[in-house]
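What follows is a set of notes on a single structure, which appears directly below.
The values are calculated or read from the model by the stated rules, or taken from the named source; none is laboratory data. No experiment lies behind these values; they were computed from the predicted model shown. FYI the Cβ positions are ideal-geometry reconstructions off the backbone, even for glycines, and counts take in every protein chain you see. With ligands, DNA and RNA removed, areas are computed over all heavy atoms of the protein, side chains included. Shrake-Rupley method; radii C 1.70, N 1.55, O 1.52, S 1.80 Å.
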Amino acid sequence: MLRHRNILILFQIIFVALILLDIRYNVSWIIYVLTFLIFSLIEFYGAYFIHSNFHLTAVCKTETAEKIIALSFDDGPVDETEKVLKVLKEFDVKATFFCIGQRIAGKETILEKINSEGHLIGNHSYSHSFFFDFKTKSAFIKDLELCNNLVFKVIQKKPNFFRPPYGVTTPALSRATKTMNFDVIGWNIRSLDTSIQNKETVLQRIKDRLQPGSILLMHDTVTGIDLVLKQVLIHLKEQNYRVVPLDQLIQKKAYA
């Protein structure tokens with residue numbers, strides 16, 4: 001398995017070997033550049049694909065033959081969340097909402113409703129900024145603690161589940177989540193509902209990737225996602241799938 005620490009050590013050895021060879025045989029600069037490019041590509045893959053477990057271990061699905069699946073929604077709470085909750089209530093299923101801390105202010109009643117209706121709330125950072133991934137360990141901890149504290153003020157529970165913004169991971173984030181004892185949650189079905197405009201395409205994408213033990217990622221910020229969700233739940237029922245809470249699927253506690 002590719003891990004950041006192992007790759008770092010490997011390429012340090014390779015670069016030292018190149019330098020030693022260069023002293024004797026005059027190694028071409030192109031070899032140095034190619035080696036660095038290969039290293040950079042591996043690092044890029046590891047950072048941007050959460051299922052690689054390159055920087056940290058993320059739960060992206062569970063191994064089971066049972067036809068069960070967990071639903072998750074990112075980036076709320078927003079007004080559109082109310083429509084998602086209505087569909088979930090109609091089908092009597094529970095989901096996990098990974099919330100952005102700075103969106104909680106003014107939406108406390110929605111957060112309360114998520115909790116009171118039996119859904120789980122996870123940490124999706126406070127800022128969710130474009131430059132989030134450039135933070136230091138201490139800055140990550142400050143950001144994640146702020147989100148957890150805001151959630152606690154509303155529901156008196158602190159989330160144990162954390163999903164990195166954009167699914168991007170870094171060494172500093174890995175150290176921060178370990179310090180805070182977070183369970184990092186990924187996904188194995190990414191709906192791409194924020195980038196694919198055609199809702200039928202989103203629905204088909206989800207259907208094509210469905211398998212036992214899946215964690216489905218959707219966004220309650222997307223207009224019309226409640227309609228897609230309804231079709232997803234109908235399809236799951238037709239395929240004899242059962243939606244279970246995330247903590248039940250992965251056998252971990254949702255709150256500290």
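For beta carbons closer than 8 Å, sequence separation of 6+ or different chains, a first residue in segment 126-150 that is farther than 13 Å from residue 164 by Cα and a second that is assigned to a loop (DSSP other than H, G, I, E, B) and open to solvent by 30 Å² or more (accessible area, probe 1.4 Å), the qualifying pairs are 145/180; 146/126; 148/158; 149/158; 150/105; 150/126. Under the condition of being open to solvent by 20 Å² or more (accessible area, probe 1.4 Å) and either in a helix (DSSP H, G or I) or of a type in the set (A, V, I, L, M) (or both), the residues counted in segment 72-92 number 7. Residues in segment 1-15 that are not in a loop (DSSP other than H, G, I, E, B) and not β-branched (Val, Ile, Thr): 4, 5, 6, 8, 10, 11, 12, 15.
Yes or no, residue by residue, for (1) free of Cβ contacts under 8 Å to residues at least 60 places away in the same chain; (2) closer than 30 Å to residue 4 by Cβ:
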residue	(1), (2)
28	yes, yes
41	yes, yes
47	no, yes
56	no, yes
64	no, yes
80	no, no
93	no, no
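State whether one or more residues within segment 157-169 are outside any loop (DSSP other than H, G, I, E, B), of a type in the set (Lys, Arg) and surrounded by 17 or more Cβ atoms within 10 Å (Cβ to Cβ). No, because not a single residue in segment 157-169 is outside any loop (DSSP other than H, G, I, E, B), of a type in the set (Lys, Arg) and surrounded by 17 or more Cβ atoms within 10 Å (Cβ to Cβ).
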